[in-house]
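K.L.:
Please read through the structure below; I'll follow up with questions.
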Amino acid sequence: MNRKVSLKDIAQRVGVSTTLVSYVLNNQKENRIKKEVAQKIREVAQELNYRTNQIAKSLKTRKTATLGLIVADIANPFSSSLARIIEDEASRHDYTVIFGSSDENPQKSRKLIDTLLKRQVDGLIIAPPQEAESQIADLQRQHVPFVLIDRYFPDLKTSYVALDNCAVAYSAVDHLIAQGYRRIGLITLQSSLYHMNERKRGYLASLKDHSLTLDKSWLKEVPEEQVKAETEKAIGDLLAGPQPVEALFFTNNTVALHGLKHIQSLRLHVPDDLAIVCFDETDALDLFSTPVTCIRQPLREIGQQATKILLENIDKTSKITQVNLQAELVIRQSTAQAVQRLVH
């Protein structure tokens, strides 16, 4: 095994001090160093395949230039897109990101947090699962820099970047009502998470404000563990009986994907038989026969703001920054006016 190249090896080859080599390779200001000397040091370092001793550098700076990111599921288009944005933004500031998926499991989330902290990450960006309040409170007590994304716990005063979920859900249902739909079903995940309940609250508030009486059977909550089967069952229930729902609002992209596949298999015509609104704009929607009205989240802004807030808290005195962003309702053919159905 070849011996690792040291700063001393480079210094001896160039004929300068080890201190000068360290000064140049650590990107310090070189006003007092001849450009030819600095260039020679870099050339020799490259020739000898010198690699910075990150551990030694971290001990000196007390930073590792790494961030930890915990998402619900990196395979989910929402999480993967957000992760990429955060990775690119961190890279612009010379930080590397280490990823992990909690799978909406608080035990796995705690284990990931512990692992990332043992790796000496400088801070964390977390999309916390349900029942993770104690983990977040522990991070606060330990003065670990962190930012929550997508979801947060209103009883804990923490930095977060999230969506105004109630407002955008309200606007989606408001749009359906304006299009002439009155029997509007909602399929959502069974969850205690604040952002999911806010979407449900927006749905209920819109129905109430338009003086539409809610039939409790219109609201379906499906468990994460059997999301496919339970979503299909919920759709069957909502379409059964003498007065089936006229429109469906899916509050999560996983539920939406399974729901749209099932609707297609039933050979229902959208929006003639059933109008549809989905949460999140994903490439999977392009595979559906009818262009789908959806809620487009400002992913780039979420990722960039979360990274910016975290880096500020790493470099300076920690402060609480809470950001609630607005989403956009992208209107397409799946919510065409209900009156058009009478023409067919």
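K.L.:
Tally time: how many residues in the stretch 141-192 are among the basic types (Lys, Arg) and either free of Cβ contacts under 8 Å to residues at least 24 places away in the same chain or out of contact with any helix residue (DSSP H, G or I) (no Cβ under 9 Å at 6 or more places or on another chain) (or both)?
P.N.:
1
K.L.:
So which residues in the stretch 130-140 are at pLDDT below 95 and touching a helix residue (DSSP H, G or I) at 6+ places or on another chain (Cβ under 6 Å), if there are any at all?
P.N.:
Residue satisfying the conditions is 131 alone.
K.L.:
On the given criteria, is residue 276 modelled with pLDDT of 95 or more, under 30 Å from residue 124 (Cβ atoms) and touching a strand residue (DSSP E or B) at 6+ places or on another chain (Cβ under 8 Å)?
P.N.:
Against the criterion (modelled with pLDDT of 95 or more, under 30 Å from residue 124 (Cβ atoms) and touching a strand residue (DSSP E or B) at 6+ places or on another chain (Cβ under 8 Å)), residue 276 does not qualify.
K.L.:
List every residue pair whose Cβ atoms sit under 7 Å apart, with the two residues 6 or more apart in sequence or on different chains, where the first one lies in the stretch 108-122 and is farther than 15 Å from residue 134 by Cβ and the second, anywhere, is of a type outside the set (Val, Ile, Thr) and in a helix (DSSP H, G or I).
P.N.:
Every condition considered, the pairs that remain are 120/58.
K.L.:
Residue 327 - would you say it is over 25 Å from residue 124 (Cβ atoms) and small (Gly, Ala, Ser)?
P.N.:
no
K.L.:
State all residues of the stretch 128-175 that are over 20 Å from the mean Cα position of the chain (by Cα) and crowded, with 23+ Cβ neighbours inside 10 Å; if no residue qualifies, say none.
P.N.:
172, 173 - these are the residues of the stretch 128-175 that are over 20 Å from the mean Cα position of the chain (by Cα) and crowded, with 23+ Cβ neighbours inside 10 Å.
K.L.:
Can I ask one more? So, in the stretch 237-258, of the ones that are under 22 Å from the mean Cα position of the chain (by Cα) and in contact (Cβ under 8 Å) with a residue 40 or more places away in the chain, which residue ends up nearest to residue 165 (Cα to Cα)?
P.N.:
251
K.L.:
Go through (1) surrounded by 13 or more Cβ atoms within 10 Å (Cβ to Cβ); (2) at pLDDT below 85 one by one and return the number of the condition residue 81 breaks.
P.N.:
Exception for residue 81: condition (2).
K.L.:
Output the number of the condition that residue 254 fails; it satisfies all remaining conditions of (1) surrounded by fewer than 16 Cβ atoms within 10 Å (Cβ to Cβ); (2) in contact with a Leu (Cβ under 8 Å, 6 or more places away or on another chain); (3) closer than 25 Å to residue 281 by Cβ.
P.N.:
If we test residue 254 against (1) surrounded by fewer than 16 Cβ atoms within 10 Å (Cβ to Cβ); (2) in contact with a Leu (Cβ under 8 Å, 6 or more places away or on another chain); (3) closer than 25 Å to residue 281 by Cβ, just (1) comes out false.
K.L.:
Still on this structure, please answer the following. Out of 47, 43, 89, 30, which single residue is surrounded by 11 or more Cβ atoms within 10 Å (Cβ to Cβ), charged (D, E, K, R) and at pLDDT 90 or above?
P.N.:
89
K.L.:
Still on this structure: Can you tell me which residues in the stretch 196-223 are in a helix (DSSP H, G or I), buried (at least 18 other Cβ atoms within 10 Å of the Cβ) and within 24 Å of the chain's Cα centre (by Cα)?
P.N.:
Selection gives 196, 198, 199, 200, 202, 203.
K.L.:
When the residues of the stretch 319-331 are filtered to those that are surrounded by fewer than 16 Cβ atoms within 10 Å (Cβ to Cβ) and within 18 Å of residue 152 (Cα to Cα), which remaining residue is modelled with the lowest pLDDT?
P.N.:
By that ranking, first place goes to 319.
K.L.:
Could you list all residues from the stretch 241-281 that are under 15 Å from residue 334 (Cα atoms) and part of a loop (DSSP other than H, G, I, E, B)?
P.N.:
245, 246, 267, 268, 269, 270, 271, 272, 273, 274, 280, 281
K.L.:
Just the residues that are touching a strand residue (DSSP E or B) at 6+ places or on another chain (Cβ under 9 Å) and surrounded by fewer than 19 Cβ atoms within 10 Å (Cβ to Cβ), please, taken from the stretch 289-303.
P.N.:
Matches in the stretch 289-303: 296, 298, 301.
K.L.:
Here is a list of conditions, (1) assigned by TED's automatic domain parsing to the domain that holds residue 200; (2) within 26 Å of residue 73 (Cβ to Cβ), and residue 304 meets all of them except one; can you say which number that is?
P.N.:
It is condition (1) that residue 304 fails.
The values are calculated or read from the model by the stated rules, or taken from the named source; none is laboratory data. Just so it is clear, the structure is predicted and the values come from calculations on it, not from any experiment. We place every Cβ from the backbone using ideal geometry, glycine too, and count neighbours over all the protein chains shown.
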